[in-house]
Amino acid sequence: MSKRLVLAPMGAILTSALLAALIAGCAPQEKAAVDTDALAEKLVTQCANIQEGDVVYISAGVRDVELLEDLAVHVRKQGAFPLMILGSERYNRRYYDEVPAKYDSQVSMALVDIITAQISVDVGQTPDLLADVPPERRAAVSKASAEVSARFMERDNRFLNLGNDLYPTKARAEQYGMSQDKLSTIFWDGVNADYTELQASGERVKAMLAAGMDMHITHPNGTDLRLGITGRPVLVSDGVISDEEKEQGGAACLVWLPAGEVYLVPVPGSAEGTIVADRHFYQGEEIRKLTLTFENGRLTSMTAEAGLEKLQERYDAAGTGKDLFGAVDIGLNPKVRIPSGSSLVAWMATGMVTVGFGANTGMGGDNSVDFSVYPHLPGCTVTVDGQTIVKEGELAL
């Protein structure tokens, strides 16, 4: 997942009559038993901090049309104005099959210039849905989206995503080697974590990173990376956009659920060394032993034992800045427990370390290139000025 903010693809803008028809005729595919009204109230009032007068862009897939409706109702109950957008795999696939490529770079800022907040529920796309789309088209669409995202960030709009690369679909459960019910339990346990606890642990890690100068990330698999972090801003995603964060603006106004992450963009040019991701998924394919080498903050080598071809094609088609080191992310959520024997990885799992390169505006950086890769590195040890923050994949607080 790229921590670059991208507005959801433009689907159907729903009228109340169309929404009612969809609810009546929509089978509850891959959907857990969740009190959508209570969830919607929490997302609107607590997490996204929606206020009277806000214009809120709400997007979701067909599976979650009832949640979409509930979100719109609670937005309106705050005196704010909902704009409901329905997305689907079918739309995403038909776009590349039927829309002329000349429109891939087309940009309109009209919508982003009127909204003040976005609540996005993951569509839950099948990982290999767009695997055969030419990388040049994917790059063009991503570049246009990056321009829109940059405007969104400039306006200090709030953004909340429900999914965070962990939405419990059947395809994702199969990818991670577990039942959909098990993945759903992990996901909703993470969403329902104690936000006060996440905030407290987030502030402790933030203080340690903010006071540090040098970070060192190691793993027996060959990962050995050093970063300069002196004076770098540290951000915490604890599930709530506070009034202070709303005032701060920019990346401070972005939240991903399940929450529980601390992240920073290191000193430019300071990344030196190698990271090895034993397993990384890209467009539905597993890349084994993805090895990335950095010198002076730039990617100088990208190799793998198997599965690198599609990622390499997409990288080759990306724009300027694709090779710059991006950010470091540390997971804090104790409720996201990774079962033994599964291939599950998740940003927010406690002790998870994630590093990457390319776009990093959603993590407090200024690189808005149309591409990014952020492999998860379970089992790592992280030290700051010799003090251990994460030890072999466990938070050392």
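Read-outs throughout are calculated quantities, based only on the coordinates presented, and are distinct from any laboratory measurement. Just so you know, these numbers come straight off a predicted model, no measurement behind them. Because the Cβ atoms are built from the backbone with ideal geometry, glycine has one as well, and the counts that use them run over all protein chains shown.
Annotations
- Of the residues Thr185, Thr350, the one with the fewest other Cβ atoms within 10 Å heads the list, and the complete ranking is Thr185, Thr350.
- Across Lys206/Lys391; Lys77/Lys170; Lys206/Lys289; Lys143/Lys289, pairs whose alpha-carbon gap is larger than 24 Å: Lys77/Lys170; Lys206/Lys289; Lys143/Lys289
- Choice from Ala349, Ala140, Ala207 showing the highest fluctuation, given a GNM over the chain with Cα pairs closer than 10 Å: Ala207
- 10 Å Cβ shell holding at most 15 others, DSSP loop, GluC sites (Glu not before Pro): longest site-free stretch of the chain: 53-304
- Whole-angstrom gap from the stretch 202-251 to the stretch 330-388, using each part's C-alpha centre: 11 Å
- In plain terms, the residue of Val99, Val262 with the fewest other Cβ atoms within 10 Å comes first and the most crowded comes last, giving Val99, Val262.
- Within the chain, percent of DSSP bridges classed antiparallel, to nearest 5: 70 percent
- Comparing mean-square fluctuations of Pro135, Pro378, Pro339 from a GNM of the chain with C-alpha springs under 10 Å, the top value falls on Pro339.
- Estimated inter-spin distance, Arg155 and Ser105, nm [label 7 Å along Cα→Cβ]: 2.4 nm
- Calculated mean residue ellipticity at 222 nm for the chain: -8000 deg cm²/dmol, from DSSP H runs with n ≥ 4 weighted as -39500 (n - 2.57), summed, divided by the residue count and rounded to 500.
- Span-like helix check, the chain: qualifying full DSSP H segments, with Cα axial length of 20 Å or more and mean Kyte-Doolittle of -1.0 or more, are 135-154, 195-210.
- Taking the charge dipole of the stretch 290-397 about its Cα centre, with +1 at Lys and Arg Cβ atoms and -1 at Asp and Glu Cβ atoms, the residue from Met352, Gly379, Val336 reaching farthest to the positive side is Val336.
- Take every pair of alpha-carbon atoms less than 8 Å apart whose residues are at least six positions apart; their mean separation over the length of the stretch 114-254 yields a relative contact order of 25 percent.
- Charges were assigned to the Cβ only: +1 to each Lys and Arg, -1 to each Asp and Glu. The resulting dipole of the stretch 12-194 about its Cα centre is roughly 360 debye.
- Relative contact order of the chain, pairs being alpha-carbon contacts under 8 Å that are 6 or more residues apart, as %: 16 percent
- With eigenvalues of the C-alpha gyration tensor scaled by 5 and rooted, the chain, Å: 31, 24, 21
- Here the dipole of the chain is about 360 debye; that uses its Cα centre as origin and unit charges on the Cβ of Lys and Arg (positive) and Asp and Glu (negative).
- Shape category assigned to the stretch 252-381 from the gyration tensor of Cα positions, a/c cut at 1.5: oblate
- Förster-model FRET efficiency, 25 Å R0, Glu174 and Arg94, C-beta, rounded to 0.05: 0.55
- Cβ crowding within 10 Å averaged over residues, with 320-330, 121-131 ranked highest first: 320-330, 121-131
- In a simple Cβ point-charge model (Lys, Arg +1; Asp, Glu -1; nothing else charged), the stretch 168-264 has a dipole of about 360 debye relative to its Cα centre.
- Length added when fully stretched, Asp194-Arg279, from 0.36 nm per residue minus Cα-Cα: 27.6 nm
- Taking all Cα pairs closer than 8 Å and separated by 6 or more residues, the relative contact order of the stretch 175-251 comes to 27 percent.
- Cα-based equivalent ellipsoid of the stretch 71-121: semi-axis lengths in Å, sorted from largest, via gyration tensor: 28, 15, 6
- Footprinting exposure proxy ranking of Met302, Met178, Met109, Met215, fewest other C-beta atoms within 10 angstrom first, gives Met109, Met302, Met178, Met215.
- Between Thr185 and Glu392, the modelled label-to-label distance comes to 2.6 nm, taking each label 7 Å out from Cα in the direction of the beta carbon.
- Cut-off under 5 Å, modelled amide H: who pairs with Asp214 long-range: Ile229, Asp385
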